[in-house]
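S.K.: One structure, as structure tokens, below. Some questions next.
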Amino acid sequence: MVLAGIASLLGACATSTQLAPIESRQTASPAGSPNLAEPAAAQPQPAGTRQPVPETRVFALPDDGVAPMAPVPAPGAAVAPPAPVDPALRDLVAQADRATTRGDRGAARATLERALKIKPADPDLWLRLGELNLEDGEFEQAIVMSQRARDLARGDPLLLARADALARRAEAALNR
């Protein structure tokens with residue numbers, strides 16, 4: 001909302017064709033020098049000619065504490081999934097990752113299921129659980145989880161690509 005306001009403000013500045021009058025605090029100009037506060041007399045223009053457009057200047061707004069946007073990764077670049085913002089979810093995902101690393105997929109699955117009870121609309125959690133299902137040979141479940149993640153991804157190209165890749169791998173394993 002703040003960014004939309006700034007954009008409209010900057011857009012209004014960029015399309016302005018009139019300059020605001022400048023107040024002069026001078027009482028009189030020295031002889032021979034033009035008084036900059038008084039506008040020059042308008043010169044008549046021949047019909048069909050355009051008036052020159054005044055120069056537009058854009059000024060930076062003060063920092064109001066808004067964090068800058070994260071850089072957008074290049075297409076095809078390998079990017080790690082974002083960490084959950086909620087501290088409880090972040091801890092559960094870290095627990096699940098540690099359980100997976102030590103080979104305890106049952107504990108990883110249970111931990112991810114707990115995380116999904118906290119935030120069932122998180123497509124990354126569904127993808128992580130789908131990966132575990134794929135590795136455990138639960139191919140139909142992996143396909144269902146990838147579809148659920150795809151439905152929740154809301155146009156995020158990285159999540160959609162991960163969901164599609166999971167579904168393709170699960171379908172290929174199922175058809176072997």
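The values are calculated or read from the model by the stated rules, or taken from the named source; none is laboratory data. Since we're looking at a predicted model, the values are computed, not measured. Heads up, the Cβs are rebuilt from the backbone with ideal geometry, glycines too, and the neighbour counts pull from every protein chain shown.
S.K.: Looking at (1) free of Cβ contacts under 8 Å to residues at least 60 places away in the same chain; (2) of a type outside the set (Ser, Thr, Tyr); (3) touching a Leu at 6+ places or on another chain (Cβ under 9 Å), which one does Arg162 not meet, given that it meets all the others?
M.R.: Result: Arg162 fails condition (1) only.
S.K.: Taking the range 112-162, which residues are among the small types (Gly, Ala, Ser), part of a helix (DSSP H, G or I) and either closer than 22 Å to Ala172 by Cα or touching a strand residue (DSSP E or B) at 6+ places or on another chain (Cβ under 9 Å) (or both)? Lay out the reasoning, then the answer.
M.R.: Of the range 112-162, the ones among the small types (Gly, Ala, Ser) are 115, 121, 130, 137, 142, 146, 149, 153, 155, 161.
This time we only want the ones that are part of a helix (DSSP H, G or I), so: 115, 130, 142, 146, 149, 161.
Across the range 112-162, the qualifying residues are Gly130, Ala142, Ser146, Ala149, Ala161.
S.K.: Quick one: would you say Pro123 is at pLDDT below 95 and crowded, with 17+ Cβ neighbours inside 10 Å? I'd like the intermediate steps shown before the answer.
M.R.: On the way: at pLDDT below 95: no; crowded, with 17+ Cβ neighbours inside 10 Å: yes.
Considered against the rule, which asks whether it is at pLDDT below 95 and crowded, with 17+ Cβ neighbours inside 10 Å, Pro123 comes out as no.
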